[in-house]
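Here is the structure we will look at.
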Amino acid sequence: MKNKTSFGSRIIAAPYIVWSAIFIIVPLLIMIYFALTDQNGVFTIANIAQIGKYKKAFGISILYAAIATVITLLLAYPMAYFMTKIKISSQRMILLIVMLPMWMNFLIRTYSWITILANTGLINTFLGKLGIAPLRLINTPGAVILGMVYDFIPYMILPIYSVMSKLDKSLLEAAEDLGSNSFSKFRRVILPLTRSGIISGITMVFVPSVSTFYISQKLGGNKTMLIGDAIEYLYNLGPSYYNVASALSLILMLMILICLAIMNKFSGDDEDGGVIL
């Protein structure tokens, strides 16, 4: 019976294994092959050596992603805490509102911010009616970071809320009985117990932020090249640049894996909301 169950499990898992092999493993192997060969297919590390030309793009990408992640955390944590304090029906409604933008196309959400931030957009039109000179909101680093925060904030709210909603209320009552004030209760009880959700949220926001390219193109006006922009630009130049673009993609992937490993280390052995690598 045990063998039958094991065989049945393998049958059920087979489509996922095939899907992973075709759409994950094979593309990764192709990327690694192009990154470590030249146009003639000969092994070389010359592509990796060109990474130095794009160190500014790497630095700006990490900086913007870090800022967006911190802002997202500062906004999402109190939001998740507030959601746990209201009745269940209201929690479901707010969850629906949080998830609703995720059901819309990513491009549409980005273009909507162009309409809002443009020189003739909603904000500047409103300011003009108040007699205030138009502000330069679009094509700025702030607009790029704003786009990252808006697009990825649900990925911060959901894991934190998931962990926070499962907190044992008796622990909070015990802290109050022991004389803890609100700040002490938050620092000693709530924050440590929601650490896994925070780390999951940080990972889920930082990883797509550091590799994004469409947000920076539309809201940054191509004035600041992120590493995702550099990779897309090189691929668009044609096959002659596939090797260098693959090398950049490989380095970016290694950076992301290192970040995930660090996040796993800080998450410890927490079961709820932790990051799995």
Please count, across the chain, the pairs of lysine residues with Cα atoms under 30 Å apart that sit 8 or more places apart or on different chains.
21
Run the numbers on the range 131-277 and let me know its relative contact order in percent, using alpha-carbon pairs under 8 Å that are six or more apart.
30 percent
Name the residue farthest towards the positive end of the dipole of the chain from the options M164, G121, I138, assuming +1 on Cβ of Lys and Arg, -1 on Cβ of Asp and Glu, about the Cα centre.
G121
Any residue on another chain or 5+ positions along whose placed amide H is under 5 Å from the amide H of T37 is listed here as T44
Percent RCO, i.e. relative contact order, over the range 56-174, from Cα pairs under 8 Å lying at least 6 residues apart:
39 percent
Quick one: length gained pulling L167 to L127 fully straight, 0.36 nm per residue minus the C-alpha distance?
9.9 nm
Where labels lie 7 Å past Cα in the beta-carbon direction, separation of T115 and F266 in nm
3.7 nm
Sort 158-168, 75-85 for me by packing, meaning the mean count of neighbouring Cβ atoms within 10 Å per residue, highest on top.
158-168, 75-85
Distribution of pairwise C-alpha distances over the range 1-104, 10 Å bins, in %
11, 16, 19, 25, 22, 6, 0
Please check: in the Gaussian network model of the chain (C-alpha springs, under 10 Å), which one of S216, S184, S61 has the largest mean-square fluctuation.
S184
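Pull out the extension gain between L135 and L254, defined as 0.36 nm times the separation in residues minus the alpha carbon to alpha carbon distance; nm, one decimal. Before the final figure, lay out each step's value.
Values: separation 119, 0.36 × 119 = 42.84 nm, distance 3.93 nm.
Once the chain is fully extended between L135 and L254, it gains 38.9 nm.
Is any helix in the chain, taking whole DSSP H runs, at least 30 angstrom long along its axis by alpha carbon and on average at least 1.6 on the Kyte-Doolittle scale, and which ones?
Numbers: long enough: 55-84 (43 Å, 1.37); 242-267 (37 Å, 1.80).
Span-like helices, by this rule, are 242-267.
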Projected area averaged over all directions for the convex hull of the alpha carbon atoms of the chain, nm², comes out at 22.0 nm²
For the pair F186 and Q91, how long in nm is the line joining their label points, each one 7 Å along Cα→Cβ?
2.0 nm
Can you give the charge dipole size of the chain about its Cα centre, rounded to the nearest 20 debye, using +1 on the beta carbon of Lys and Arg and -1 on the beta carbon of Asp and Glu?
320 debye
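All of the numbers you see were taken from the coordinates with simple rules; none came from a lab. Everything numeric in this text was worked out from a predicted model, so none of it was measured. Reconstructed Cβ throughout: ideal geometry from the backbone, glycine too, with neighbour counts over all protein chains shown.
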